[in-house]
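See structure below.
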Amino acid sequence: EESKRLVELFKASSLSSKKPRGHEFWDTQPVPKIDDKIVESGPIENKTLEDVRKEPLTLPPAFEWIELDCNKSDELKEIYTLLYENYVEDDDNMFRFDYSPEFLKWALQPPGFLKEWHIGVRVVESKKLVGFISGIPATIRVEGKPITMVEINFLCVHKKLREKRLAPVLIKEVTRRVNLRNIWQAAYTAGVVLPKPVAICKYWHRSIKQQKLVEVGFSALPPKMSMASMVKLYRINDEMKHPLRPLTKEDVPSFRALLDEYLSKYKIAPEFATDEDVWHWFETRKDVITCYVKVDETTKKVTDAFSFYNLPSTIIGNAKHNTLKAAFSFYNVATTMSLTELVGDALVAAKKMDYDVYNCLDVFENSTFFKDLKFAIGDGDLQYYLYNYSTPTKKSSEIGLVLL
Ligand SMILES: CCCCCCCCCCCCCC(=O)SCCNC(=O)CCNC(=O)[C@H](O)C(C)(C)COP(=O)(O)OP(=O)(O)OC[C@H]1O[C@@H](n2cnc3c(N)ncnc32)[C@H](O)[C@@H]1OP(=O)(O)O
Ligand SMILES: CNCCCN(C)c1ncc(F)c(N2CC(C(=O)NCc3cnc4ccccn34)C2)n1
């Protein structure tokens with residue numbers, strides 16, 4: 001048995017000359033090769049509309065393309081259900097993201113969105129949705145240069161149709177439709193390593209409901225520590241230190257100025273071009289997005305803000321708990337207090353809203369507060385990618401972009 005397993009391992013390893021360890025699909029795409037050394041920044045290929053295929057990519061006969069309309073609750077529910085059953089899981093298949101329908105509508109319909117970029121694959125016979133990929137418009141500054149891009153997200157193929165090369169077809173189709181709109185760059189993140197990460201970021205977690213996190217296997221009780229002392233260690237105050245309150249429409253112009261100023265110092269960051277953009281992304285929506293601001297009494301301008309989004313996970317096969325309630329840090333700006341005090345108040349807000357855990361990437365200056373606020377490093381890396389744009393690899397702290 002053991003020797004058979006070793007033979008299997010050898011075959012699968014890169015030692016066996018037979019199987020090229022290349023990327024059949026990604027090596028055909030305008031992205032840097034895994035071991036490229038990049039020195040300057042710019043597009044990798046320059047195509048024009050004439051080069052773009054006019055008709056949709058060919059699907060196997062049993063399948064058809066479909067555009068999903070998020071304004072139709074039944075179609076939004078179809079996207080939700082596909083992801084609920086088939087989207088990202090951790091390596092041990094203990095958790096699977098459970099993006100809600102309201103969250104998906106928010107994520108997919110920012111100002112300037114196009115329904116044609118909400119692309120599904122259906123089974124002709126049963127009309128069952130078995131594949132999805134989405135793009136939304138975004139202006140991303142790369143080393144100070146604003147580039148019109150799309151953000152690609154929610155790529156998903158039904159578990160029963162995995163490893164049949166359907167993902168490259170979905171990716172090529174969304175690329176085609178975006179190119180037809182004269183957009184040639186994209187930004188995306190993934191938990192997997194592909195050619196070629198522009199940054200590799202780490203997740204850090206701050207326990208809020210320590211006991212539940214241990215019960216579901218999200219975190220482990222350190223040896224020789226009692227649950228009681230562990231709970232005490234992670235206790236969070238009930239009141240904030242600062243007078244922060246939900247963002248209002250009147251706050252938007254000054255908040256947009258504060259955000260754009262703050263984000264301009266990062267090597268990769270979004271540009272929130274209009275007040276509508278900022279209101280879309282930061283208006284507090286129950287169970288979707290929370291944004292609290294501190295406003296200067298005299299000038300009435302926003303001086304500090306924290307925000308986090310709601311992304312629960314299904315707990316796969318746990319007798320006592322079905323859902324992990326996680327808050328994911330979004331954009332935070334501190335000018336009249338330390339980032340540590342600001343995020344400390346975000347933890348108070350998250351506790352009040354009954355979250356189990358508060359998650360953060362080591363982007364922005366986030367690593368400055370992990371120790372003081374008792375964050376623990378996670379086991380999930382998040383790779384950042386740019387499509388058709390090469391630029392030298394960035395440190396996590398040079399990234400000022402958070403995708404959903
Ligand atoms: C200008 C506009 C451009 C727009 C497009 C920009 C690019 C956008 C790119 C997409 C950004 C997505 C952002 C997010 O949503 S990241 C979240 C991705 N979704 C999940 O992880 C959900 C659960 N998993 C699945 O649904 C499937 O496993 C997926 C659909 C991920 C792959 O399906 P499957 O497992 O059945 O495999 P296959 O046989 O069809 O295809 C195998 C090929 O696919 C490459 N692969 C595997 N995983 C990913 C991945 N996460 N990004 C890009 N490529 C990926 C893989 O390296 C291989 O290529 P190569 O190694 O042979 O070359
Ligand atoms: C394209 N959009 C990228 C963002 C999607 N996001 C949020 C994501 N992408 C990959 C990850 F690695 C990840 N992690 C958050 C950390 C975490 O919480 N790990 C335990 C856990 C709880 N629930 C789940 C569900 C799936 C995977 C890990 N899970 C690791 N987050």
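The values are calculated or read from the model by the stated rules, or taken from the named source; none is laboratory data. The structure presented is a predicted model; accordingly, all values stated were derived computationally and were not measured. All Cβ positions, even for glycine, are placed from backbone atoms using ideal geometry, and neighbour counts span all protein chains on display. Quick note on the areas: whole protein, heavy atoms, side chains included, nothing else; ligands and nucleic acids left out. Shrake-Rupley method; radii C 1.70, N 1.55, O 1.52, S 1.80 Å.
Structural remarks
- In this structure, D36 qualifies as part of a loop (DSSP other than H, G, I, E, B) and over 18 Å from L129 (Cα atoms).
- Residues that are over 23 Å from A220 (Cβ atoms), buried (at least 21 other Cβ atoms within 10 Å of the Cβ) and away from ligand 1 (no atom under 14 Å from the Cβ), drawn from the stretch 185-208: A199
- The residues of the stretch 329-338 that are out of contact with any Asp or Glu (no Cβ under 7 Å at 6 or more places or on another chain) and free of Cβ contacts under 8 Å to residues at least 60 places away in the same chain, listed by number, are N332, S338.
- Which listed residue is over 21 Å from I377 (Cβ atoms), within 16 Å of ligand 1 (Cβ to nearest atom) and open to solvent by 60 Å² or more (accessible area, probe 1.4 Å), from R181, R245, R177, R256: R181
- Checking each residue in the stretch 232-286 for being in contact with a Phe, Trp or Tyr (Cβ under 7 Å, 6 or more places away or on another chain) and of a type in the set (K, R) picks out R245, K249, R256, R285.
- Entry remark, the stretch 150-166: residues being touching a residue at least 40 places away in the same chain (Cβ under 8 Å), within 7 Å of ligand 1 (Cβ to nearest atom) and not charged (D, E, K, R) number 6 in total.
- Near pairs, Cβ below 6 angstrom, 6+ apart or cross-chain, from the stretch 376-403 (at positive phi) to any residue that is surrounded by 15 or more Cβ atoms within 10 Å (Cβ to Cβ) and part of a strand (DSSP E or B): N388/Q185
- Verdict on Y80 being among the hydroxyl-bearing types (S, T, Y), within 16 Å of ligand 2 (Cβ to nearest atom), within 30 Å of S219 (Cβ to Cβ) and within 15 Å of the chain's Cα centre (by Cα): no
Yes/no per residue for (1) within 29 Å of Q211 (Cα to Cα); (2) within 16 Å of ligand 1 (Cβ to nearest atom):
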| site | (1), (2) |
| --- | --- |
| Y358 | yes, no |
| D362 | yes, no |
| L373 | yes, no |
| G378 | yes, no |
| Q383 | no, yes |
| Y389 | no, yes |
| S397 | no, no |
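- Within the stretch 374-383, the presence of at least one residue that is farther than 22 Å from L194 by Cβ and crowded, with 20+ Cβ neighbours inside 10 Å is confirmed.
- Condition broken by I183, with the remaining ones in (1) within 16 Å of ligand 2 (Cβ to nearest atom); (2) farther than 19 Å from I66 by Cβ; (3) not small (G, A, S) satisfied: (1)
- The lone exception for L213 - which of (1) open to solvent by less than 40 Å² (accessible area, probe 1.4 Å); (2) within 16 Å of ligand 2 (Cβ to nearest atom); (3) touching a strand residue (DSSP E or B) at 6+ places or on another chain (Cβ under 6 Å); (4) within 28 Å of K105 (Cα to Cα) it fails: (4)
- Among the residues making up the stretch 257-271, a single one is in a loop (DSSP other than H, G, I, E, B) and under 30 Å from L324 (Cβ atoms): Y266.
- Answer from V124, V150, V157, V130 - the residue that is more than 20 Å from the chain's Cα centre (by Cα) and open to solvent by less than 30 Å² (accessible area, probe 1.4 Å): V130
- Considered as a group, the residues in the stretch 301-327 that are assigned to a loop (DSSP other than H, G, I, E, B) and of a type in the set (A, V, I, L, M, F, W, C) include one that is surrounded by the fewest Cβ atoms within 10 Å (Cβ to Cβ), and that residue is A319.
- Subset of the stretch 88-121 [open to solvent by less than 30 Å² (accessible area, probe 1.4 Å), touching a residue at least 60 places away in the same chain (Cβ under 8 Å) and under 28 Å from P61 (Cβ atoms)]: W117, V121
- Subset of the stretch 189-244 (residues that are under 30 Å from E24 (Cα atoms), touching a Leu at 6+ places or on another chain (Cβ under 8 Å) and of a type in the set (K, R)): K202
- Residue selected from the stretch 123-172 under the condition among the acidic types (D, E) and away from ligand 2 (no atom under 16 Å from the Cβ), by the criterion nearest to N86 (Cα to Cα): E163
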